[in-house]
Amino acid sequence: MGAANKVPGVSGGTVSFVFGFYEELIYSFRKINIKAFKLLFNARFCSFYHYVNGSFLLLIMGGSIFSYFSISLVLDYFLKHYEVYVWSWFFGMIIGSIYYLSKGFGEWNSKNSISLIIGVTVGLGISFLTPARENDNLWFVFICGIIGVSGMTLPGLSGSFILILLGNYVLLLVDSVNVLLHVITRLLSGDFDVLSDPIKIRYLKIMTIFTLGSAFGLVSISHVLGYVLKRWNQIVNALIIGFITGSLGIVWPWKRVLYLQEKGNYLIDKKGNRIVENYERFVPDFSNSETWFGLFYIIIGVLLVLTIDFYGRKKK
């Protein structure tokens, strides 16, 4: 989930949905409520741990954080050197996920079909929006935290891609993370002078506010989702399948970067504001071997999800 959440266009929520622990994830986050805080403030730590399904949350969050600073770095390398193949693999996994989710959905009535169409439309609409420019206002960063974490709780809606549209992907998921790692490394080596650097402090403030916004969004969105899943389960699931289907527009493997002027590792618009890549999608050239390898990895992605489904049913 950590690796998926970092990749623009891929939703960590989709991973939890396919692997079958999405509802437990939402249920566990809903347990972080007033009763949980009362247990915590009264030093009833064991009761708090069991009440919030602590073992599950620790594994999910620990795995996501570990993946974010390890597996996702490997993923960054492959995205840089084998971009078409990585996007093809994700594209195939999403196709497999759509089949997997639709197969066990049940009856498709008019309400569910309308929800599906709305989900697909919103997903595709988001994929063709143009990124905004970077904004480091702390209130806006807090909102980015709330929205960015949506990829963990809403399958098919990529939090990273939303951050690109808001203009803050590089600021929050690249620069701030790199500064945080640098500061932690310097502090562990005994160099506390790093805390007197105003630029480092600025990034640490941004990272702190973003984390607080993410935590707030994770709990609040989970409460809302838990409520609507309980009351309108099929309609919400149809909407989620629609979101996932619409996200295929974001992860289309064959696309080229559009930019006005390149400066270092970033893109600059006409006013000198740093922006992230915007993409132009195109039909692949079937005379090119890269296209056929891309199709091969799409099939691998589909088969991976179907294999997970097969072993899941066999285990039951």
Here is a check on your reading of the model: is residue 60 under 25 Å from residue 256 (Cα atoms) and modelled with pLDDT of 80 or more?
no
Flagged in segment 103-117 as small (Gly, Ala, Ser) and buried (at least 16 other Cβ atoms within 10 Å of the Cβ), in numbering order, are 115
I'd like to know if segment 253-275 contains one or more residues that are assigned to a loop (DSSP other than H, G, I, E, B), at pLDDT 75 or above and closer than 23 Å to residue 14 by Cα.
yes
Please enumerate the residues belonging to segment 201-214 that are out of contact with any Asp or Glu (no Cβ under 7 Å at 6 or more places or on another chain) and either touching a residue at least 24 places away in the same chain (Cβ under 8 Å) or among the charged types (D, E, K, R) (or both).
202, 204, 205, 207, 209, 210, 211, 212, 213, 214
Hey, does segment 134-141 have a residue that's at pLDDT below 80 and either under 24 Å from residue 219 (Cβ atoms) or surrounded by fewer than 24 Cβ atoms within 10 Å (Cβ to Cβ) (or both)?
yes
Any residue at all in segment 171-178 that is surrounded by fewer than 21 Cβ atoms within 10 Å (Cβ to Cβ), out of contact with any Leu (no Cβ under 9 Å at 6 or more places or on another chain) and of a type in the set (A, V, I, L, M)?
yes
Among 202, 186, which is surrounded by fewer than 15 Cβ atoms within 10 Å (Cβ to Cβ) and not hydrophobic (A, V, I, L, M, F, W, C)?
202
Entirely in segment 75-185, the helices (runs of 4 or more DSSP H) that have 2 or more residues that are of a type in the set (Phe, Trp, Tyr) and over 26 Å from residue 254 (Cα atoms)
138-148
Looking at (1) surrounded by 15 or more Cβ atoms within 10 Å (Cβ to Cβ); (2) within 17 Å of the chain's Cα centre (by Cα); (3) among the hydrophobic types (A, V, I, L, M, F, W, C), which is the only condition residue 52 fails?
(2)
So which of 192, 210, 161 is more than 15 Å from the chain's Cα centre (by Cα) and of a type in the set (Phe, Trp, Tyr)?
192
Subset tally (residues that are modelled with pLDDT of 90 or more and exposed (fewer than 14 other Cβ atoms within 10 Å of the Cβ)) for segment 283-292:
1
Are there any pairs, at least 6 apart or on different chains, whose C-beta atoms fall under 9 Å, with the first in segment 220-248 and touching a residue at least 24 places away in the same chain (Cβ under 8 Å) and within 12 Å of residue 154 (Cβ to Cβ) and the second basic (Lys, Arg) and in a helix (DSSP H, G or I), and if so, which?
222/30; 225/30
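The values are calculated or read from the model by the stated rules, or taken from the named source; none is laboratory data. Just so you know, these numbers come straight off a predicted model, no measurement behind them. Here the Cβ is made from the backbone with ideal geometry for all residues, glycine too, and neighbour counts use every protein chain on show.
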